[in-house]
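Step one of this worksheet: look at the structure below.
Each value in this text was obtained by applying a stated rule to the coordinates, not by laboratory testing. A quick note: this is a predicted structure, and the numbers were derived from the prediction, not measured. All Cβ positions, glycine included, derive from the backbone under ideal geometry; neighbour counts span all protein chains shown.
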Amino acid sequence: MDTLLQNIQEVVGPNGLLTGSDVSQRSADWFGDARCEAAAIIRPASTQELSAVMKLCHAAGQPVVTHGGVTGVVQGALASTDELVISLERMNQIESLDPVGGLMIVQAGVPLQAVQESAEEVGLHFPLDLGARGSCTIGGNIATNAGGVRVIRFGMMRQQVLGLEAVLANGTIISSMNQMLKNNAGYDLKQLFIGSEGTLGIVTRAVLRLQPQLPCEQTALVAVPGFDSLTRLLQQMGQQLAGSLSAFEVMWHNHYDLMGRQSGRHTPPIAPDYPFYAIIESLGVNDETDRELFNRALEQAFEDGLICDAVLAQSDKQREGIWAIREDIEGLIQELKPILAFDISLPIPAMQQYVETLEAQLMERWPDTGRVTVFGHLGDGNLHLMLSIGSSDEESRHEVERLVYEPLTELGGSISAEHGIGLEKRDYLHLCRTPEEITLMRTLKQAMDPQNLLNRHKVLYQSAYQVV
């Protein structure tokens, strides 16, 4: 290891290699509970440096784990003492921005918020948005196929990437930096890396697709009397807002009440007396016309009995206050600690029965300590479940995981909507992917990383790989 690290330092320079306390003081997950245990952190400053580093690691059979902003929640960034961390924090430049073509070329370590702000400066819009925008990086967004709050209109990260560059386990650089919206010349190789969680290659650069800026934003928090009304409201708002609906975020009463009345962390704009609350957002270009359309849609929803109460944001501060109730994940962690967090997707009509059954099972099993909060991206079938049973020991966690995950098979759902698999969900992958799909995943992994050097143990079972 010492010889390898010395050779790596000759490639990346003295600022490119961290050891000792510079490693151990870093967190290895978003919750901050796990410290980095890697033998060293390598910080290349370019794709070429990373390529040289991986050639050295490949020759030595040295496994690595890639770090971006380390905002993941499925243990995808955990590294053991015999692994090296590859951090892309020094590869943080926006290389170019083409306002005519509507694209931006960035390095993988650029934070999402920096991309959003740079696009806005030239009258464009990068639509991916999530609460960790200030910390998460584009490379991590690509590796996990990040979702966020505007998937209902703009799609996942996959839809925002035109091309990318990646380094394979043996140091080979795959530069597929396509800048065209339409390109059917052979296999779309970028798709191998998007959502693969760093197991097939390390993304180093990307060509991002930008959208026209939508400066006029309408936001409302509404109270809804029941789940049937909620689904009808989603359908109706989508139809009446003429394609401008950009977010439809739902909070069950247990989430809304906890973040407001119970914890005192936020002042609820609407009394916490209703079963469901939804944040409805539209984005457009004409404030007066958009506001009129938005208000008319809400009025119709009132007349139809789909809404019991509503608050429309009249300023950015009010809008931020509404979203803070939904996005205060730190508050949820504090209130529910030790927390068990889940990110699932399932057909919308099945959601309410699924949640009611899960809550009943948890309350029966842990009547004194069980707590459930639910919120999520209803429009794209994604729910976030924040559970607490008063313990986070391994046996209890596995018992809860089975209650959460096993019903999803029959419902045609997924154990991971947007967070990925990492280590945390690997044992349950078979519940939502067929044996044939998993076999093909293993075939791809074996072909691209036969020594299992990249994020080993993550996503797929280690036993599936043949180390050579």
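Specify which residue in the list 50, 61, 86 is farthest towards the positive end of the charge dipole of the stretch 2-87, using unit charges on the beta carbon of Lys, Arg (+1) and Asp, Glu (-1), about the Cα centre.
My answer, from the dipole projection, is 50.
For the chain, would you read off the P(r) tail past 41 Å as a percentage of all alpha carbon pairs?
Tail fraction, whole percent: 20.
Find, to one decimal place in angstroms, the Kirkwood hydrodynamic radius of the stretch 216-327, where the mean of 1/r is taken over every pair of different Cα atoms and then inverted.
Across the stretch 216-327, the inverse of the average 1/r is 14.0 Å.
Calculate one ³J(HN,Hα) per residue across the stretch 443-453 by plugging θ = phi - 60° into the Karplus curve 6.51 cos²θ - 1.76 cosθ + 1.60, and present them in order as whole Hz with x for glycine and proline.
Working through the residues one at a time gives 4, 4, 4, 5, 5, 8, 9, x, 8, 6, 8 Hz.
Please give the contour-minus-distance gain from residue 46 to residue 242: 0.36 nm per residue of separation, less the Cα-Cα distance, rounded to one decimal in nm.
66.1 nm
What ranking of 457, 253 emerges when the number of other C-beta atoms within 10 Å of each C-beta is taken as an exposure proxy, fewest first?
Fewest-to-most ranking of 457, 253: 253, 457.
Please list, in chain and number order, the residues 5+ apart from residue 26 or on another chain whose amide H is under 5 Å from its amide H, with Hs placed from the backbone.
36
Once the Cα atoms of helix 112-121 and of the chain are each reduced to a long axis, what angle between those two axes, in degrees from 0 to 90 to the nearest 10, is obtained?
Value to nearest ten degrees: 70.
In nm, what is the difference between 0.36 nm times the number of residues separating residue 440 and residue 98 and their Cα-Cα distance?
That works out to 119.4 nm of additional length.
What pairs from 182/425; 55/190; 55/425; 55/458; 425/445 go past 28 Å between their alpha carbons?
182/425; 55/425
Using alpha carbons only, how many angstrom separate the centre of the stretch 381-453 from the centre of the stretch 305-339?
Centre-to-centre distance over Cα atoms comes out at 28 Å.
Quick check: the angle from helix 47-60's long axis to the longest principal axis of the chain, C-alpha only, nearest 10 degrees?
60 degrees
If amide H atoms are built 1.01 Å from N in the plane of the peptide, which residues on other chains or at least 5 residues away come under 5 Å of the amide H of residue 86?
Close amide H contacts, sequence-distant or interchain: 42, 65, 66, 67.
Give, rounded to the nearest 20 debye, the magnitude of the charge dipole that the stretch 2-87 has about its Cα centre when Lys and Arg contribute +1 at Cβ and Asp and Glu contribute -1 at Cβ.
160 debye
If you put +1 on each Lys and Arg Cβ and -1 on each Asp and Glu Cβ, how big is the dipole of the chain around its Cα centre, in Debye rounded to 20?
Dipole about the Cα centre, nearest 20: 1100 debye.
Return 21, 196, 51, 392 ranked ascending by Cβ neighbour count within 10 Å, so the fewest neighbours appear first.
Fewest to most other Cβ atoms nearby, the residues stand as 21, 392, 51, 196.
Hull surface divided by four, with the convex hull built on the Cα atoms of the stretch 330-431: how many nm²?
Over all viewing directions, the stretch 330-431 projects a mean Cα-hull area of 6.3 nm².
Modelled label-to-label distance, residue 172 and residue 21, 7 Å Cα→beta-carbon offset: nm?
Those two pseudo-labels are separated by 4.4 nm.
Please compute the Kirkwood hydrodynamic radius over the stretch 196-259, one decimal place, Å, based on all pairs of different Cα atoms.
By the Kirkwood definition, the hydrodynamic radius is 15.8 Å.
Going by how many other Cβ atoms sit within 10 Å of their own, how do 252, 366 line up, fewest first?
Arranged by neighbour count, lowest to highest, 252, 366 become 366, 252.
Could you work out how far helix 394-405 tilts from the main Cα principal axis of the chain, as a 0 to 90 degree angle to the nearest 10?
For helix 394-405, the angle is close to 60 degrees.
Tell me, in nm to one decimal, what length is gained between residue 291 and residue 320 on full extension, where the rule is 0.36 nm per residue of separation less the Cα-Cα distance?
8.6 nm
Find the all-direction average of the projected area of the Cα convex hull for the stretch 93-207, expressing the result in square nanometres with one decimal place.
It is 7.1 nm².
HN-Hα J couplings of the stretch 165-170 from phi, Karplus 6.51/-1.76/1.60, θ = phi - 60°, integer Hz, Gly and Pro as x?
10, 9, 10, 7, 4, 8
Mind listing the long-range amide H neighbours of residue 129? Cut-off is under 5 Å, sequence gap 5 or more, other chains count too, H placed in the peptide plane at 1.01 Å from N.
The list, which skips near neighbours in sequence, is 149, 150.
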